[in-house]
Structures are given as structure tokens and as C-alpha cells.
1. Can you pull out every residue in the range 146-192 that is part of a loop (DSSP other than H, G, I, E, B) and within 16 Å of the ligand (Cβ to nearest atom)?
2. Restricting to the range 62-92, what's the tally of residues that are near the ligand (Cβ under 10 Å from one of its atoms) and crowded, with 24+ Cβ neighbours inside 10 Å?
3. Looking at 1, 17 in this structure, which one is loosely packed, with under 15 Cβ neighbours inside 10 Å and in contact with a Phe, Trp or Tyr (Cβ under 7 Å, 6 or more places away or on another chain)?
4. Any residue that is part of a strand (DSSP E or B), more than 16 Å from the ligand (Cβ to nearest atom), closer than 14 Å to residue 66 by Cβ and assigned by TED's automatic domain parsing to the domain that holds residue 53 - is there at least one of those in the range 132-145?
5. Filter the range 247-291 down to residues that are of a type in the set (Val, Ile, Thr) and touching a Gly at 6+ places or on another chain (Cβ under 8 Å), then give me how many there are.
6. Would you be able to tell me the number of residues in the range 231-259 that are surrounded by fewer than 16 Cβ atoms within 10 Å (Cβ to Cβ) and either of a type in the set (Lys, Arg) or in a loop (DSSP other than H, G, I, E, B) (or both)?
7. Just one of the numbered conditions (1) more than 12 Å from the ligand (Cβ to nearest atom); (2) of a type in the set (A, V, I, L, M); (3) touching a Ser or Thr at 6+ places or on another chain (Cβ under 8 Å); (4) under 28 Å from residue 317 (Cα atoms) is not true of residue 237; which one?
8. Please state which of the following conditions residue 44 fails to meet, knowing it meets all the rest: (1) under 28 Å from residue 232 (Cβ atoms); (2) away from the ligand (no atom under 14 Å from the Cβ); (3) surrounded by fewer than 16 Cβ atoms within 10 Å (Cβ to Cβ).
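The values are calculated or read from the model by the stated rules, or taken from the named source; none is laboratory data. Keep in mind it's a predicted model, so treat the numbers as computed, not measured. Here the Cβ positions follow ideal geometry from the backbone for every residue, glycine too, while neighbour counts run over all protein chains shown.
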Amino acid sequence: MLVNLISDTATQPTPAMLEAMFAAPVGDDVFRQDPTVNQLEATVADMFGMEAALFCPSGTMTNQLAIKCHTRPLDEVICEEKSHIYQYEGGVYSLLSSVSMNLVHGERGKILPGQIDAAVKPEYDWLPRTRLLVVENTCNKGGGSIYTIDEAALLVREARAHGLAVHLDGARLFNALVETGETPRQWGTLFDTVSLCLSKGLGAPVGSLLIGKQSLIDEARRYRKVLGGGMRQAGYLAAAGLYALDHHVDRLAEDNARARRLAAALRDLPGVASVADTETNICIFDLRDETAATFLERLREHDILATAFGPRTVRFTTHLGVTEEQIDYVIDRLSLRSPRAVPPVRG
Ligand SMILES: *Cc1c(COP(=O)(O)O)cnc(C)c1O
């Protein structure tokens, strides 16, 4: 049994999803003639109570298009230091938008009330102009931590008081919403733009959406094209996204519960120094004596794959392709392989 806990991007399309893809009517989306892409964009815009949406190849592209459309060169963007836009997008905001980052040190990737007031720069010729706030829900490097809508609303109010635009990196927003019971519309109403990934826990093979006002999305569409993100018969991919939104949202609660099962088991292991609070499908933990590299090597001998998130830090991510039985198997192997978990021999 191979258990892939590397990332929730590891999902394979289900047979029913593939059927939906094969059956999709398609056209040339650069001419806006792909009915399935148009349907996906309209569906998602409506779901979030926003005017328009843009289907893109990746979440990096949707986030970076948002930064490009909200800022001008030499502006700065406020984000938490663990943010995906800062950590994992190659620093491309400096190339595409010529902006800098104003990093906030929050808690588990979450910005705290008051931190935006403190970070916004006053208007002097020698200071960058603070223009945009980016919030990430759930926060990946923060261990899948959840912002509630009330927490986010406080931050947005602070940002708006300073005239900032607000973007939500909602790559895993639905993993949060199945826990809080909040609706996409509540989040769409709060933010100027939202980025949503279909290729993470939702299980589609490719694709992200940028959602916002029509005028901003029109501008983003121009940049998507010049960056090489204008796809032709992309309806085959959009069909997977539509299928995922219909069938794979509610089940994210199972992924979250499975990650929490892993977290509980890890807390019982003597070789594990600490396990971060596990609210959604990401479980991050620190090892006591062992490096992440040797720990992962031992897991690999049992066909269990995971990711190093630091010299002694490991990340387990659950998703559509990880079953309850696989979690049982991982928990079983973990306790077997921890030398100090072996009970002492009684003499
Ligand atoms: C995965 C992810 C993205 C987008 O990544 P791509 O690989 O470019 O699709 C953006 N933000 C967060 C928080 C993510 O986890």
C-alpha cells in the first residue's frame, strides 16, 4: 500500500470526474468560446457573490495576477511571513509587479488584530506605498490554520481604514469552510479578490480561479494571456473543476478529520517533540532526536511519503486519495518504527 501524504496536489481524478471531463463541450477559451470554462467562471463568481472569475493554470498565477492588478510598481504588500505568496512563488512579485513585501510576524501564519495598523507606512517620498493586504485561509505553512470570518473581517476593516485593497489566497478555503459552516459568499463579500485552487483537496488535475470585480478580472485576463496562461480547449479541465465543486467540497471534512487522527497519534509518540494544532488537512510536527530526512527515509521503506518542512519538521497532508485504512496503516507503522515506543523488557 502506497500512502502519499506529500501534498493534497497528489490527487488522481476519479473515474466519475474523468467521465465529466470527456463529456465536456469545449471551444477556444482565448476567444471566450469555451462553454465549460464560461460555465465554471460564472458558477464560481455566483458562488462567491462576485462579478466575474478567471480560470488559470495555477494558484501562483491567480495570486500574482491579483497583486499585479491591485498595485503599481514600488508599492508594497502586507502579508504574514509564512504566506505562500512570499515563501513559495519564487519572489516573482518583484519581477511581475515590481513591488516589495512588508512582512508581519503573526501566529501560525495568521495576522493578528493591530498588526496592519502598525505595518502600514505613512506617506513620505522615501517610503514604499502600502497598497494591498493578502490573507491566506487556510494557512499552509501555519499548519492549515483557519481564520474565522470574524477574524478576517477585523483585518479587512483595519486595511480598508488605510485605503488598502484586500486579496484572499483561498487555495484551501473550502477546508476551512467545512469546519466553520461559513459560506463562500461571506468571504466574497469581504474581499476585493479571491484565489481558489481546484487542484488541491478538491481533486481536480489542474486549475485555479481568480474572482473579483468585472473590471479587475478583464485586466487580469490580459495579463494571463501575455504570461502564456491563455489556454484553448480548457473546458476539459474546467469540467473537472465543476465536478469537484459539486462532489468534493463536503468530503473535505473527512480529510480534516484524518489529519486530526494523525496528529493525535503523533502526540503519543516519544520521538515527536511537538505537533501543531491541526484544524484542517495539514499536520505539521517536530521530531525530537531525528532529522526529517532520516524520518522520511524510514517512512519510505513502508511506502509512506511525506514532506520535510524544516530540518526536524515534517508535514503530513491528507486528501481525496488517502483512505481511512491508509491512516490506520500509517499510525500502525509510526508506532512500530519509533524505537522508544517499544515497551521495556520486564526482567
Ligand atoms: C498551493 C497553493 C497555492 C498555489 O500553488 P500552485 O502550485 O501555483 O497552484 C497558493 N496558495 C497556497 C496557500 C497554496 O497552498
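1. First, pick out the residues of the range 146-192 that are part of a loop (DSSP other than H, G, I, E, B): 146-148, 162-164, 171-172, 181-183, 191-192.
Residues satisfying the conditions are 146, 147, 171, 172, 191.
2. Here the count works out to 5.
3. On the way: 17 fails: loosely packed, with under 15 Cβ neighbours inside 10 Å.
Within the list 1, 17, the selection yields 1.
4. no
5. Of the residues in the range 247-291, the ones of a type in the set (Val, Ile, Thr) are 249, 272, 275, 278, 280, 282, 284, 291.
Those left that are additionally touching a Gly at 6+ places or on another chain (Cβ under 8 Å): 278, 280, 282, 284.
Residues that pass the stated criteria total 4.
6. The qualifying residues number 3.
7. (3)
8. Looking at each condition in turn, residue 44 falls short on (3).
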